[in-house]
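Take a look at the structure set out below.
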Amino acid sequence: MKLSSVEKESTYIENKIPIPSEFEDVFSYFYSAKNTGETTIHKTLFPTYQTILVFCFGEKASLTTKKQTTITIEKCLVLGPIRQPIDYVLPTNSEILVANFKGDAFYRFFGLSLISDTIPVHPDDLVDENCFTLLWHSLKDRISVEEKVASILDFSRPYLNNRELGYESISNFDEENLNPIKAIADKTNQSERNVQLNFKKYLGFSAKEINRYRRFIKALELLNETTETSKKADWIAIVETCGYYDQSQLIHDFKHYLGLSPTKFLKFQEEICIPRMDQAE
């Protein structure tokens with residue numbers, strides 16, 4: 001979301017920290033946000049189909065799902081895959097640091113994938129020790145975001161397992177016009193059922209879900225391209241190019257993923273941060 005330079009400097013400090021090459025297939029990026037002002041800040045986390053690990057420092061932040069379930073972040077929690085928008089609240093003197101797991105990385109760390117994006121889990125509940133609570137205590141004393149990220153990467157290195165062969169066929173598939181389940185099954189001599197189960201096992205969502213999401217992101221990218229050169233959106237071209245049945249199906253996806261109609265999106269798009277395709281891979 002875009003803020004004025006004065007507001008950003010005085011109340012809301014955000015950073016997107018790039019990932020070193022060693023971890024570029026593990027995390028897509030780290031994101032930090034801090035409220036240094038005197039009033040509570042409300043923001044929206046839009047869907048990326050990634051599982052996230054959130055650390056909170058200072059005053060407790062909170063998340064509210066589309067179903068109006070409010071989650072207080074004590075120290076750290078895991079949530080995802082993020083399928084629909086989530087509102088988050090940063091009170092004064094609150095800071096969050098978010099690690100975005102990429103592809104099968106969450107499975108490689110914990111040996112399982114999360115299925116629901118509305119039920120938070122403390123990461124210590126996924127392992128046999130309270131190592132993430134100990135990590136939080138070490139992070140809270142580090143001043144800069146870069147130091148915190150470096151510590152998380154150092155901490156995570158021994159826990160990262162090798163990628164399983166079952167995920168390779170999923171990660172290498174990039175044919176937009178083919179049914180991924182059938183195509184992967186034919187290519188790897190697996191049953192379609194087994195391929196479907198592998199999607200859920202490694203990623204926490206189905207091939208049908210991620211294809212729908214990618215189609216919508218493609219529609220947003222085309223919409224941005226057309227509105228940059230023309231004040232009028234070419235909805236018919238977007239519907240045909242992205243493979244929607246009709247305009248009503250596209251409208252349905254806008255409301256599903258952004259909680260906005262296309263008209264309202266165009267009105268407020270400068271305030272909306274749209275994830276890139278590679279953030280969901």
Subtracting the Cα-Cα distance from 0.36 nm times the residue separation, let me have the gained length for Val127 to Lys66 in nm, one decimal. 19.1 nm
For the chain, accessible area per residue (1.4 Å probe, heavy atoms of protein chains only), Å²: 53 Å²
Go through 164-173, 125-134 and give me the packing order, highest mean Cβ count within 10 Å leading. 164-173, 125-134
In region 1-123, what percent of the accessible surface is made up of carbon and sulfur (1.4 Å probe, ligands and nucleic acids excluded)? 51 percent
Name the lysines eligible as straight-distance cross-link partners of Lys34: C-alpha to C-alpha under 18 Å, and not fewer than 8 places from it in the same chain. Lys2, Lys8, Lys16, Lys43, Lys60, Lys75, Lys140, Lys148
So what's the convex hull volume per residue for the Cα atoms of region 1-128, in Å³? 109 Å³
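The values are calculated or read from the model by the stated rules, or taken from the named source; none is laboratory data. Model, not experiment: these values are computed from the prediction. Every residue, glycine as well, gets a Cβ built from its backbone with ideal geometry; the counts of neighbours run over all protein chains shown. What goes into the accessible areas is simple: the full protein's heavy atoms, side chains included, and nothing from ligands, DNA or RNA. Shrake-Rupley method; radii C 1.70, N 1.55, O 1.52, S 1.80 Å.
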